[in-house]
Amino acid sequence: MAPNVKIGIIGGTGMDDPDILKNREEKQVSTPYGEPSDVLVHGEIAGVDCVVLARHGRKHDIMPSDINYRANIYALKEEGCSHVVVTTACGSLREEFKPGDLVFPDQFIDRTHKRESTFYDGKEGSPAGICHMPMHEPYCPETREVLIEVAKELNLTHHCMGTNVVIEGPRFSSKAESKMFQLWGGDIINMTAVPEVVLANEAGLCYAAIAMVTDYDCWRDDHDPVTVDAVIATLKNNVANAKKVLLAAIPRIAAMEWKESIDGRQAAAKKSVIIPSS
Ligand code: ADE
């Protein structure tokens, strides 16, 4: 196993329970950006060091706008994670992305508007400078490749790419918004990908997502609009598939050589910071 690999797993709705880990140990941490969503649960998957964090808290009591995304990513980085693999429920903006399918998103469209989305906020204690992180390829292509390979081998219906429209929530979209997001090129829709993926890039981490389609949002005239009940029912039936992908992908990721990729990500993050002249 490459010695530099440790995998942070952020579990979304329906995946907030760290039961996939062996030899679990809880660790309460605090960061310069405040408290993460919950304790970090250290443990192993197939002998690989992992750290699980429930994005909405294990009681699912933190709404998307109130998640401390900075503390979550900072904490995983501090624990030595090289990768962050996350799960998330999402709505579908395309007929061919069906409830129950898995999606490995490669792009996002950001419609959030009240979230802290950079570590470089100019505040005392934060790193110096202003960070203009390139975002042409937000998700780690090598990590996505492993997830896709595994989904293929497990015969799970999946989509290798997808543009994720990220809304502020907590409300779902209006029909007009949903149709507009389709015209923009959105494939799926959720409330949490941004700023999580952005911050992972600032932190120089390899980040990839397993998105589970739970509903058709509300653009279909021939289909009921999304409700919480529908999301939860579909999740219950499909969460096992995301877990299967995680369990098979993690030892594969750990067996790969990541030095060049991680060095590249860290260098990209560093050179994106403009330090003010004195
Ligand atoms: N999460 C699951 N389904 C969703 C939807 N339709 N819109 C936003 N977030 C979601």
For this session: Working carefully through the options Val231, Val226, find the one that is in a loop (DSSP other than H, G, I, E, B) and near the ligand (Cβ under 10 Å from one of its atoms).
Result: Val226
Seminar exercise, completed: The condition from (1) within 14 Å of the chain's Cα centre (by Cα); (2) part of a loop (DSSP other than H, G, I, E, B) that Cys90 misses is numbered (2)
Problem set entry | Single condition Pro251 does not satisfy, out of (1) of a type outside the set (Gly, Ala, Ser); (2) away from the ligand (no atom under 13 Å from the Cβ); (3) more than 21 Å from the chain's Cα centre (by Cα); (4) open to solvent by less than 60 Å² (accessible area, probe 1.4 Å) | (3)
Exercise. Can you pull out the residues in the range 93-119 that are farther than 24 Å from Val51 by Cα, within 12 Å of the ligand (Cβ to nearest atom) and assigned to a strand (DSSP E or B)?
Worked result: Arg111
For this session: Being outside any loop (DSSP other than H, G, I, E, B) and within 20 Å of the chain's Cα centre (by Cα) is the filter; apply it to the range 22-43 and report the residue that is farthest from Val84 (Cα to Cα).
Result: Gly34
Problem set entry | Residues that are at pLDDT below 95 and of a type in the set (Asp, Glu), drawn from the range 88-128 | Glu124
Seminar exercise, completed: Looking across the range 71-87 at residues that are open to solvent by less than 40 Å² (accessible area, probe 1.4 Å) and more than 13 Å from the chain's Cα centre (by Cα), the single one that is nearest to Leu205 (Cα to Cα) is Ser82
Exercise. With respect to Thr192, is the statement that it is within 14 Å of the ligand (Cβ to nearest atom) and farther than 15 Å from Ser92 by Cβ true?
Worked result: yes
Exercise. Yes or no: Tyr139 under 16 Å from the mean Cα position of the chain (by Cα) and either within 15 Å of the ligand (Cβ to nearest atom) or over 27 Å from Ala233 (Cβ atoms) (or both)?
Worked result: yes
For this session: Look through the range 93-129, keep the residues that are under 29 Å from Lys6 (Cβ atoms) and over 19 Å from the mean Cα position of the chain (by Cα), and return whichever of them is most open to solvent (accessible area, probe 1.4 Å).
Result: Lys123
Exercise. Looking at this structure, is Tyr216 open to solvent by less than 40 Å² (accessible area, probe 1.4 Å) and more than 10 Å from the ligand (Cβ to nearest atom)?
Worked result: no
Seminar exercise, completed: Over the range 224-248, the set of residues open to solvent by less than 70 Å² (accessible area, probe 1.4 Å), within 16 Å of Ile210 (Cβ to Cβ) and either in contact with a Lys or Arg (Cβ under 7 Å, 6 or more places away or on another chain) or of a type in the set (S, T, N, Q) (or both) is Thr234, Asn238, Asn241
Problem set entry | Given (1) among the small types (Gly, Ala, Ser); (2) part of a strand (DSSP E or B); (3) touching a residue at least 60 places away in the same chain (Cβ under 8 Å), index of the condition Ala128 fails | (2)
Problem set entry | Qualifying positions in the range 171-186 - open to solvent by 70 Å² or more (accessible area, probe 1.4 Å), within 12 Å of the ligand (Cβ to nearest atom), assigned to a loop (DSSP other than H, G, I, E, B) and touching a residue at least 24 places away in the same chain (Cβ under 8 Å) | Phe172
Seminar exercise, completed: Only one of (1) within 15 Å of the ligand (Cβ to nearest atom); (2) open to solvent by 70 Å² or more (accessible area, probe 1.4 Å) does not apply to Val165, and that is (2)
For this session: For the range 200-208, state whether one or more residues are open to solvent by less than 40 Å² (accessible area, probe 1.4 Å) and closer than 17 Å to Arg111 by Cα.
Result: no
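The values are calculated or read from the model by the stated rules, or taken from the named source; none is laboratory data. A quick note: this is a predicted structure, and the numbers were derived from the prediction, not measured. Counting neighbours? That spans all protein chains shown, and the Cβs are built from the backbone with ideal geometry, glycine included. Surface areas here come from the heavy atoms of the whole protein model, side chains and all, with no ligands, DNA or RNA. Shrake-Rupley method; radii C 1.70, N 1.55, O 1.52, S 1.80 Å.
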